[in-house]
Each structure stands twice: as structure tokens, then as C-alpha cells.
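As C-alpha cells, the structure follows; a few thoughts come after it.
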Amino acid sequence: MPLTAKSVPRIALVSSLLAAVAGAAVLMAAPASGAASTLGAAAAQSGRYFGTAVAANKLSDQTYVGILNREFNMVTPENEMKIDATEPNQGQFSYGNADRIVAHAKAQGMRVRGHTLAWYSQQPGWMQNMSGSTLRSAMLNHVTQVATHYKGQLYSWDVVNEAFADGNSGGRRDSNLQRTGNDWIEAAFRAARAADPNTKLCYNDYNTDDWGQAKTQGVYRMVQDFKSRGVPIDCVGFQSHFNSNSPVPSNYQTTLSSFAALGVDVQITELDIEGSGSSQASNYQRVVQACMAVARCNGITVWGIRDSDSWRSSGTPLLFDGSGNKKAAYTSVLNALNAGGTNPTDPTTTTTTTTTQNPQPGGCTATYSEGQKWNDRFNGNVTVSGTDNWVVTVTVSSPQKVISTWNTSATWDSSGNVMTARPNGSGNSFGFTIQHNGNWNWPSLTCSTG
Ligand code: XIL
């Protein structure tokens, strides 16, 4: 009977592949897997991110920064990119605090969600007093200038924030921007796309979590209309500020999947859930599970780190207490992220191929194996043998970018192409996500003893 590829034992296939690789040193199988120990690493296993709002004035707080750097791989400036912060006087732009947050995020290998270019609230005084075509052109100039300043540096922009009315109308919220004409939202999206063509452009709002609410349906119809007319929109942000008056709706996952079915990504952008103990933990778990079940739910951002950092601190709505200790809600979120998620848009699902890189004279061997692949990114796993005290360099080729890591402590060179990975107490396997930007090459590895 002829041997089919299927009937050849896997190990034989891998061996013959390796035999063809000159200098192959060690045969290893099985990708690194198992539970990750931080929120960002756990989310990265399914190609998602886990983020937090960050306030620039807290970057000098060691406890705050310690948790930030350890747990999160996405950052949203809490107030620093809003209109009153970036254009306090008309035509005078001020980016100091926002730039500080972006620089911190970059240095840590985290990405940034921009928030927000056009909004009825937190407008500087000069804009509040404007109307009509003067306001329309000032708003468009603001969008263009700020999006140009951050061109290519952000993961996504909340182009327009909170433009729909609460209650049963399903229509727009009255504001000076709305009174410039119903097309102000699409005009803002077009200006943002022209200024920064490669950043995902989102519409962001609250009270849009319940599929049965008029406001949710109003936003849905707008996104449907934008997609049908080619208005550039890539994603919808669900703020998801929950409390007993505004609980996690039972149809939350339906809301996320229904928007995703329009051909946009969905993101949970400002999550906080008031409460404590196991009831808060189970509400958080439901939200995370809903995102994990929807292929186009890219990630989750909580609106602050410790309860004391929250804009609603009396409701203790976050994952860490005022002293920075993990709450029950933290554990339920981590477990739900580690449980993994279906990703039906994954074109290739998990075919795991293993190879060994060139001979590594440093007294240890780093073995690369492919992880999951998506349209825009792929995971890689590395297993190290020969020492517990390893230093592995991972070199990606331009225009690839490592966008998250797990089970390692990593630093980058100034080009951003060479990552140096060291143990962080999680063992001798680590992994990363590479945004490939069209280049699917595997990274090259070297291993030496630290
Ligand atoms: C909040 C900030 O957390 C506060 O520090 C600030 O005083 C007011 O704004 N929806 C949004 C966020 O889109 O920008 C808001 O952030 C919370 C509600």
C-alpha cells in the first residue's frame, strides 16, 4: 500500500524536513502552549490584545507602571488625545502628554488606540463657541492635523465618539457638530483616512451593547450605510461601562457578532463593571467570553488599572484594587482569555510546523515552531534547550513587527527588528505575535547563555 502523507507518522515527516536543513541541530516538536500568566499574553494566544486607559500623570507612579508594563499590550490615552488636550487654542497643537504615553507604549512593545478626534464633549472653549461651516472646517482641520501627527503610529483611532442619542429615538445626539449637517461623521472618517491610511478607523459609543436598544440599532444602520457607500470605517468600539443601571446585556455577544457581520472589526474599548467579588468576576467573564467567541473582536481595553485610577472609583469597577492587588475579576478575565477563542476568519488554522534554526554556538538551541496565522499576523513559539539562563534574539525582517510577546521579558534594538528575549520565570518556552505586513518569513533566532 502506498504511503500517503497522512499515514506517515508526524515525527518522520518532521525528521525528513529537518534532514534537509543544513546544520539542523535538534529535533523538537509541539509549540509552547498552556496558560499564560498575564492579561496581554493570555489575549495574544488567540491573536487578541488586552489594553488599558493610561493617564500621563501616572507614569511616575511605580506601582501603576509596574502593573501596566507587566499585564497590558495595548494602551489608550485616557484624556491626552482629546480635542481640548491636543488643540487647546485654535491652530496651536499640543502633543506633549499624548506623545509621552505613545513613547512609553512603544518602548514596552505595546500598541496604542487613539481616542478621540471628533466628539461633542471635552472640546476646547474656542470650539464650543463655533457653529456652521466655520466649525465644520475647524473640526476637519483638527482631524487632519492630529491624524497626521500620529500617522502610522497607532493601531486604531476612535475617529468619532458618542454621536448617537440615548433613549428610544435611535437618532443622532444634538451637538454643535451635529448641527453642521448629518454628514459630519463621514466627513471626519474621510479626513482621517486621507491623513493616516493604515490605521483602523473606529466609531465608538456607550449604551450600544444591548442589541434590543434603539441606540444600538441606530449605530448599526449607520455602519451598514457607511459600508454600502464606501465610507472608510474599519471598526466599532463598544465602551461597555456597566453597573446595576446598565448591566451586561444577555445579548451582548449577538451585538458584537451582528456588527462584525457588517464587515468591521469590533473592540471593547472602555470596559469597567461596578461591583465586587464573585458577581463582578462573573460579569467580567461574560464580557470576555463574548469577545473570545466573535472572530472579529480584536481585543479588550479596561478603563484604568486600579479601582483608585477609575473615573468611577467609588464603584470599584476595575481588575486591581487600590493597592494594585489582583481582584477576583482579574482571575476570571485571565482564565477566560486563556480558555481561547474561536477564530473562524483564520484562513489557515493551526498547522504546526517545527524546524531548527542554524547551528547556534552559544551553548543552547532555540527552536521555532509556527503558531496560529491570521490575515494580518501570525504567532511564533520558541522552545529553548541547553540552559535555563538563555538569551534568544529574534530578528524579524521589515516591514514585519513584533506586536506582543508572552512568557518572556523582551527588549528591542532601535530599529525595532531585533528582539532580545530572556526568561521571566515562565520556563523555557516563549512566544510572540508578528504583524507581517505582507512578509510571511519566519524570524531568525540565535541562542546564547545569559
Ligand atoms: C473620561 C475620563 O476617564 C475622565 O478622566 C474624564 O474626566 C472624562 O472622560 N466615554 C469616553 C471617555 O469616551 O473618553 C470618558 O473618559 C469616559 C466615557
Could you tell me what percent of the accessible area of the chain is made up of carbon and sulfur, with a 1.4 Å probe and every protein chain present? 49 percent
Ser121 versus Arg221, label points 7 Å from Cα toward the beta carbon: distance in nm? 2.5 nm
As a test of the formula, what do you get for the chain when each DSSP H run with n ≥ 4 contributes -39,500 (n - 2.57) and the sum is divided by the residue count, at 222 nm and rounded to the nearest 500 deg cm²/dmol? -8500 deg cm²/dmol
Cα gyration tensor of segment 31-76 - equivalent ellipsoid semi-axes, whole Å, descending: 24, 11, 5
Accessible area (Å², 1.4 Å probe, nearest 10) - Leu262: 30 Å²
With the convex hull built on the Cα atoms of segment 60-190, state its orientation-averaged projected area in nm². 9.1 nm²
Segment 195-242: C-alpha gyration tensor shape, a/c 1.5 cut-off, then a/b vs b/c: oblate
Mind pulling the per residue volume of the convex hull built on the Cα atoms of segment 242-350? Å³ is fine. 100 Å³
Calculate the length of the line joining the C-alpha centroid of segment 165-216 to that of segment 379-425, in whole Å. 40 Å
In whole Å, what is the distance between the alpha-carbon centres of segment 88-120 and segment 275-295? 29 Å
How are the C-alpha pair distances of the chain spread across 10 Å bins, as whole percents from the shortest bin up? 4, 20, 29, 25, 14, 6, 2, 0, 0
Residues in segment 366-401 that a label on Asn441 would reach, taking backbone N under 12 Å of a point 7 Å out along Cα→Cβ: 395-400
Net charge dipole size for the chain [Lys, Arg +1 and Asp, Glu -1 on Cβ; Debye, nearest 20]: 760 debye
Name all residues of segment 69-95 having a backbone nitrogen under 20 Å from the label point set 7 Å from the Cα of Asn129 along its Cα→Cβ direction, giving them as ranges. 83-94
Specify the residue with the greatest mean-square fluctuation among Thr134, Thr405, Thr331, computed from a Gaussian network of the chain linking alpha-carbon atoms under 10 Å apart. Thr134
Taking 0.36 nm per residue of separation and subtracting the Cα-Cα distance, what length does fully extending Asn251 through Ser398 add? 48.7 nm
Skip the ligands, DNA and RNA, and give the accessible area per residue of the chain with a 1.4 Å probe, whole Å². 39 Å²
Under a straight-distance cross-link criterion of Cα-Cα below 23 Å, which lysines are reachable from Lys373, leaving out those fewer than 8 residues away in the same chain? Lys6, Lys200, Lys401
Solvent exposure, largest accessible area first (probe 1.4 Å, DNA, RNA and ligands not counted), of Lys227, Lys151, Lys200: Lys151, Lys227, Lys200
Lys327: which lysines have alpha carbons under 26 Å from its alpha carbon, excluding same-chain residues fewer than 8 sequence positions away? Lys58
Which stretch or stretches of segment 159-184 have amide N atoms under 11 Å from the point lying 7 Å from Ser137's Cα along the Cα→Cβ direction? none
Full-extension gain between Ser169 and Ser258, please, as 0.36 nm times their residue separation minus the C-alpha to C-alpha distance. 30.0 nm
By how many nm would the segment from Asp321 to Ala194 lengthen if fully extended, with 0.36 nm per residue of separation less the alpha-carbon distance? 41.5 nm
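The values are calculated or read from the model by the stated rules, or taken from the named source; none is laboratory data. On a predicted model such as this, the values are computed, not experimentally measured, just so you know. Cβ coordinates were reconstructed from backbone atoms using ideal geometry, including for glycine residues, and neighbour counts include every protein chain displayed. To get the accessible areas, we keep the full protein, side chains included, count just its heavy atoms, and leave off ligands, DNA and RNA. Shrake-Rupley method; radii C 1.70, N 1.55, O 1.52, S 1.80 Å.
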